[in-house]
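Engineer: Got a structure here, written out as structure tokens. Questions coming.
The values are calculated or read from the model by the stated rules, or taken from the named source; none is laboratory data. This is a predicted model, so every value here is computed, not measured. Quick reminder, even Gly has a Cβ in these numbers, built from the backbone with ideal geometry, and neighbours come from all protein chains shown.
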Amino acid sequence: MKTLFRLIFISFALFLCACDSKREEQLIMVTEATFPPYEFREGDRVVGIDPEIMQAVADAVGKELVIQDMSFDSVIAAVSTGKADVAASGITVTEERRRQVNFSLPYVEARQVIIVPAASPIAGKDDLNGKRIGVQHGTTGDLFVSRNIGEPERFQNGALGVSALIAGKIDVLVLDDQPAKVFENKYPDKIKILAESLTTESYAFAVAKGNETLLAQIDSVLESMKRDGRLEAILGKYGVTGAPAAGELPAAEKAPEAHGAFYTNFIENGRWRYLVEGLWVTIEVSFFAVVLGLIIGFGVAVVRTTHDKNGSLKLLNFLCKLYLTVIRGTPVVVQLLIIYFVIFGSVDVSKVLVAIVAFGINSGAYVAEIIRGGIQSIDKGQFEAGRSLGLSYPQTMIYIILPQAFKNVLPALGNEFVVLLKETSVAGYIALQDLTKAGDIIRSQTYTSFLPLLAVAAIYLCIVMLFTALLGKLERRLKRSE
Ligand code: ARG
């Protein structure tokens, strides 16, 4: 046994060393590859303007280019925490981002543009008030809309936003000009780009603060590519014009004064409001889902025990069993997505309602089994006593059995509700801004993870503790009334 452990340990250590030594020879680039023509997937490869430029950098420094595809709101953090060397993802240079990373020279100019359905009456920026505006989560489009117009709907990537636009779930999509053009070419009779744009920006590559060597290498490759026309050739190949000419590079702006992390994450731009609103959504969804779950759970449990007792309700019992199997056998995120995209696919219902239905149906299955266990734990004599008092079967169930069963299973139910509350954290999948998503939004704006995540965790913990205390009170009260 000991030798086995030793063997496992040694091979693990060897494995780590092997990874490490390889790391030296690699240039790890992070990106979010649904952003054509800058980065997109072709087969299982990530291609586009950014990979081509980074390949030139890797060649110049004699390293192997490794591309990692992740969500856009994580690319800057991946670089600033040292998980990757360079972020090349059509990234706009902004003041906030400069606090976290250093930027190379800019390599192209870009704009945020407005995309609308082909037949939309919206003609420009002034028509946007009160409209449902979609953006890609954590992008400069997201920042512009949240600061200047109102809360946008945040999509994981531009392509999802385009689908939502075509499906009529949003009125407008704000996106970078070149990806917008690619989407417009793909659906020329469904969507159009408005002439008026919202911002002008420049893209650059991001490296960790302190990694001056790599920054200098990237800049020198960029300069030589600008001089000998290679940059223009790459951009032109993908239909982009507008590289800043050599010599007239916009000077890097001075890094803004840094505030304390607490200020940046919670006070600046009123970011704490995301947490408050998110908390409210989480509570709302959890509360109504618990109620729905209890109703379903009681119903199912009664059907099943009645069937077990006297063999009636065959069909209902079969349906209940089917429900339990399906719901307990599939992940709740998948159920949530099915309810949102398939069941409510073509109707416009509030996302909060979708979440309540999904989590309620899910929780009902677990509640049903808990309560069924509770009913079974009640002495058979109670049933007979009820019947001999002249109560009907339903009356016995409602007045004698269920109250006692409920008391017995209260701890197990409490446990289920705590699980449910935390499980609602996947609601962000349908762009619902619950507490967890609130933390994600803050993270995507401040490029720091520690404080927002800590705050979110602390808030969940507080609600759970509060809830547990209330439940304990209820339990004691019920005990006393015995
Ligand atoms: N230029 C915008 C920004 O920096 C959007 C970039 C999105 N890039 C991507 N690969 N998805 O925020």
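Engineer: Which of the residues spanning the range 119-146 are out of contact with any Leu (no Cβ under 8 Å at 6 or more places or on another chain) and away from the ligand (no atom under 13 Å from the Cβ)?
Structural biologist: Those that are out of contact with any Leu (no Cβ under 8 Å at 6 or more places or on another chain) and away from the ligand (no atom under 13 Å from the Cβ): ALA119, SER120, PRO121, ASP126, ASP127, LEU128, ASN129, GLY130, LYS131, ARG132.
Engineer: Kindly provide the set of residues from the range 37-57 that are touching a residue at least 24 places away in the same chain (Cβ under 8 Å) and either within 11 Å of GLY90 (Cα to Cα) or assigned to a loop (DSSP other than H, G, I, E, B) (or both), ordered by number.
Structural biologist: PRO37, TYR38, GLU39, GLY48, ILE49, ASP50, PRO51
Engineer: Then there's this: Any residue at all in the range 102-109 that's more than 15 Å from the ligand (Cβ to nearest atom) and in contact with a strand residue (DSSP E or B) (Cβ under 7 Å, 6 or more places away or on another chain)?
Structural biologist: Taking every residue of the range 102-109 in turn, at least one turns out to be more than 15 Å from the ligand (Cβ to nearest atom) and in contact with a strand residue (DSSP E or B) (Cβ under 7 Å, 6 or more places away or on another chain).
Engineer: Scan (1) of a type in the set (Lys, Arg); (2) outside any loop (DSSP other than H, G, I, E, B); (3) under 21 Å from the mean Cα position of the chain (by Cα); (4) away from the ligand (no atom under 13 Å from the Cβ) for the single condition LYS83 breaks and write down its number.
Structural biologist: (2)
Engineer: Assess whether ALA60 counts as being out of contact with any strand residue (DSSP E or B) (no Cβ under 7 Å at 6 or more places or on another chain), more than 14 Å from the ligand (Cβ to nearest atom) and touching a residue at least 12 places away in the same chain (Cβ under 8 Å).
Structural biologist: For ALA60, the condition - out of contact with any strand residue (DSSP E or B) (no Cβ under 7 Å at 6 or more places or on another chain), more than 14 Å from the ligand (Cβ to nearest atom) and touching a residue at least 12 places away in the same chain (Cβ under 8 Å) - is met.
Engineer: Quickly run through the range 180-210 and pick out the residues that are more than 16 Å from the ligand (Cβ to nearest atom) and hydroxyl-bearing (Ser, Thr, Tyr).
Structural biologist: Across the range 180-210, the qualifying residue is only TYR187.
Engineer: I'd like to check something: does the range 164-171 contain any residue that is buried (at least 19 other Cβ atoms within 10 Å of the Cβ), within 13 Å of the ligand (Cβ to nearest atom) and at pLDDT below 95?
Structural biologist: no
Engineer: Being within 17 Å of HIS307 (Cα to Cα) and either of a type outside the set (Ser, Thr, Tyr) or not in a helix (DSSP H, G or I) (or both) is the filter here; which residues of the range 385-408 pass it?
Structural biologist: If the condition is that a residue be within 17 Å of HIS307 (Cα to Cα) and either of a type outside the set (Ser, Thr, Tyr) or not in a helix (DSSP H, G or I) (or both), then SER392, PRO394, GLN395, MET397, ILE398, ILE401, LEU402 are the ones that fit.
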